[in-house]
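> Got a structure for you, written out below as structure tokens; questions coming shortly.
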Amino acid sequence: MLKLIHAADFHLDAPFAALPPERAAERREEQRQLLTRLAELTEAERAGLVLLSGDLLDSDQARYETVQALARALGEMKVPVFIAPGNHDFWSARSPWSAGAWPENVHIFSRSSLEAVELPGLGCTVYGAAFTAPACDQSPLKGFAAPEDGRLHLMVLHGDVDGRGRYGSIDRADIAGSGLDYLALGHIHACSGLQREGNTWWAYPGCPEGRGFDELGDKGVLVVEAEKGNVSARFVPLCRRRYRMLTVDLSGGENPAEALAAALPGDGENDICRILLTGESGVEGLDLEALEAVAQPYFYSVTLRDRTRVRRDLWSRAEEDTLTGLFLRQMQARLAQADTDEDRALVEKAVRFGLAALENGEDCCP
């Protein structure tokens with residue numbers, strides 16, 4: 001049984017443009033700290049191999065100190081490390097992959113065609129290829145078939161399963177026909193979990209640190225155990241911060257700040273949060289600056305989005321000589337008979353539904 005770490009899509013030195021400049025700088029530093037956690041995980045799991053499936057750098061303009069931090073962390077792993085450069089950090093003669101000094105245990109694939117590296121001590125062969133430009137129209141997996149020699153056959157690639165774009169589209173039929181035991185992929189930022197085509201297992205670990213609100217929740221890497229005919233994978237969160245979205249309904253209360261405070265979680269101090277405010281607000285609208293001040297202590301960073309609608313006077317048409325007026329007068333009578341706040345809220349909810357039906361021309365009284 002071979003245990004390995006599979007990670008991808010670090011996007012080191014990403015701009016974090018949506019954050020204030022000082023927060024963006026902190027996030028880039030925290031990305032570099034991720035490398036230490038990855039090295040510690042490799043040691044703690046006693047992994048024998050590390051597969052890194054591209055886009056470790058956000059661009060070929062990565063800072064010198066970032067490249068040095070990456071090289072230092074990979075060298076500390078003391079096990080073979082294989083890197084398949086992706087579309088963001090593609091290999092070129094002037095890229096950090098070719099210009100930098102990398103530890104002896106690190107192998108960086110540098111061709112768009114497949115290369116094989118045998119590891120007799122681990123009883124496996126590792127295959128891989130690199131993006132050599134920002135786009136790639138061909139899948140290096142097409143036509144590949146691993147030999148039936150009793151060894152473990154692993155591959156590390158950056159590519160898009162079922163993709164139709166220019167980012168290394170990979171067909172499931174090619175995975176099924178590859179004869180690989182495990183295909184370690186990068187490019188998709190959500191963890192896929194362990195997948196299978198034919199006798200080949202494959203997975204995307206997702207990115208280990210979210211960078212925006214399209215990358216929500218825990219992010220991390222996969223710890224994979226592989227032997228002939230059997231592969232298992234376990235997701236391990238490594239992110240310093242999570243992106244999360246909350247929806248807070250401000251209806252039913254006169255004080256939006258109190259309603260917001262009551263809905264805020266107690267475990268978000270490390271999170272970057274976007275709160276969608278829904279329901280009804282007064283005609284004066286919301287004071288978003290004041291509400292952000294309420295939410296800010298609960299999170300590392302927070303933004304609010306106003307999705308409320310202006311609160312309407314439910315009873316303004318009660319004196320009309322119309323079906324709507326008759327309906328409202330009947331509901332006012334029920335409201336007067338309501339004994340609890342819960343009962344009164346239920347009557348008001350029924351009024352809202354009734355008004356919506358009447359205003360949309362629906363016959364609610366057949």
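The values are calculated or read from the model by the stated rules, or taken from the named source; none is laboratory data. On a predicted model such as this, the values are computed, not experimentally measured, just so you know. Counting neighbours? That spans all protein chains shown, and the Cβs are built from the backbone with ideal geometry, glycine included.
> Say we look at the range 283-319 and pick out the residues that are basic (K, R) and assigned to a loop (DSSP other than H, G, I, E, B); which of these is nearest to G268 (Cα to Cα)? Working first, answer last.
Filtering the range 283-319 down to residues basic (K, R) leaves 305, 307, 309, 311-312, 317.
Checking which are assigned to a loop (DSSP other than H, G, I, E, B) leaves us with 307, 311-312, 317.
Values: R307: 22, R311: 30, R312: 34, R317: 45 Å.
Filtering the range 283-319 for residues that are basic (K, R) and assigned to a loop (DSSP other than H, G, I, E, B), the one nearest to G268 (Cα to Cα) comes out as R307.
Residues are listed down the side, and each one gets a yes or a no for (1) under 29 Å from A135 (Cα atoms); (2) at pLDDT 95 or above:
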site: R32; (1), (2): yes, no
site: E43; (1), (2): no, yes
site: D55; (1), (2): yes, yes
site: A62; (1), (2): yes, no
site: P80; (1), (2): yes, yes
site: I83; (1), (2): yes, yes
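> Let me confirm something: among A101, A116, A93, A133, which residue is at pLDDT 95 or above, among the hydrophobic types (A, V, I, L, M, F, W, C) and either surrounded by fewer than 23 Cβ atoms within 10 Å (Cβ to Cβ) or part of a loop (DSSP other than H, G, I, E, B) (or both)?
A116
> May I ask you to list pairs of residues, at least six apart or on different chains, whose Cβ atoms are under 9 Å apart, with the first in the range 320-348 being in a helix (DSSP H, G or I) and the second being among the hydroxyl-bearing types (S, T, Y)?
L328/S316
> Let me ask you something else. I'm checking my understanding of the structure. Among residues of the range 306-327 that are in contact with a helix residue (DSSP H, G or I) (Cβ under 7 Å, 6 or more places away or on another chain) and over 30 Å from D287 (Cα atoms), which one is modelled with the lowest pLDDT?
Among them, the one singled out is A318.
> When the residues of the range 233-273 are filtered to those that are touching a Pro at 6+ places or on another chain (Cβ under 7 Å) and either at pLDDT below 95 or aliphatic (A, V, I, L, M) (or both), which remaining residue is surrounded by the most Cβ atoms within 10 Å (Cβ to Cβ)?
L250
> Considering only the range 29-63, state which residues are surrounded by fewer than 15 Cβ atoms within 10 Å (Cβ to Cβ) and outside any helix (DSSP H, G or I).
R46, Q61, R63
> Just to be sure I understand the filter: pairs with C-beta atoms under 6 Å, separated by 6 or more residues or on different chains, first member in the range 118-141 and closer than 21 Å to P96 by Cβ, second member in a loop (DSSP other than H, G, I, E, B) and among the charged types (D, E, K, R). Which pairs pass?
A135/R166
> If you don't mind, another one. Could you check the range 163-177 and list, in sequence order, the residues that are more than 22 Å from the chain's Cα centre (by Cα) and not acidic (D, E)? Before the answer, list the steps.
Looking only at the range 163-177, we keep the residues that are more than 22 Å from the chain's Cα centre (by Cα), and these are 171-177.
Correct list: R172, A173, I175, A176, G177.
> Among the residues of the range 111-144, which ones are under 20 Å from E227 (Cα atoms), touching a strand residue (DSSP E or B) at 6+ places or on another chain (Cβ under 9 Å) and not hydrophobic (A, V, I, L, M, F, W, C)? Spell out the reasoning first.
Filtering the range 111-144 for residues under 20 Å from E227 (Cα atoms) gives 116-128.
Now restrict to residues that are touching a strand residue (DSSP E or B) at 6+ places or on another chain (Cβ under 9 Å): 116-119, 122-128.
E118, G123, T125, Y127, G128 - these are the residues of the range 111-144 that are under 20 Å from E227 (Cα atoms), touching a strand residue (DSSP E or B) at 6+ places or on another chain (Cβ under 9 Å) and not hydrophobic (A, V, I, L, M, F, W, C).
> Now for a different question. Just a yes or no: is a residue in the range 9-24 over 18 Å from the mean Cα position of the chain (by Cα) and either under 19 Å from V223 (Cα atoms) or buried (at least 17 other Cβ atoms within 10 Å of the Cβ) (or both)?
no
> Could you please find all residues in the range 8-28 being assigned to a loop (DSSP other than H, G, I, E, B) and either of a type in the set (A, V, I, L, M, F, W, C) or in the same structural domain as N270 (by TED's automatic domain parsing) (or both)?
Correct list: A8, F10, A14, F16, A17, A18, L19.
> Have a look at L185, L180, L222 and point out the one that is surrounded by 21 or more Cβ atoms within 10 Å (Cβ to Cβ) and over 18 Å from the mean Cα position of the chain (by Cα).
Sole residue among the options that is surrounded by 21 or more Cβ atoms within 10 Å (Cβ to Cβ) and over 18 Å from the mean Cα position of the chain (by Cα): L180.
> Out of curiosity, is V351 surrounded by 13 or more Cβ atoms within 10 Å (Cβ to Cβ), outside any strand (DSSP E or B) and touching a helix residue (DSSP H, G or I) at 6+ places or on another chain (Cβ under 8 Å)?
In short, yes.
> Report yes if some residue within the range 283-299 is touching a Lys or Arg at 6+ places or on another chain (Cβ under 9 Å), farther than 21 Å from G212 by Cα and modelled with pLDDT under 90; otherwise report no.
yes
> A further question on this structure: Mind listing whichever residues of the range 142-165 are touching a residue at least 60 places away in the same chain (Cβ under 8 Å) and either touching a helix residue (DSSP H, G or I) at 6+ places or on another chain (Cβ under 6 Å) or outside any loop (DSSP other than H, G, I, E, B) (or both)?
Result: L152, L154, V156, L157, H158.
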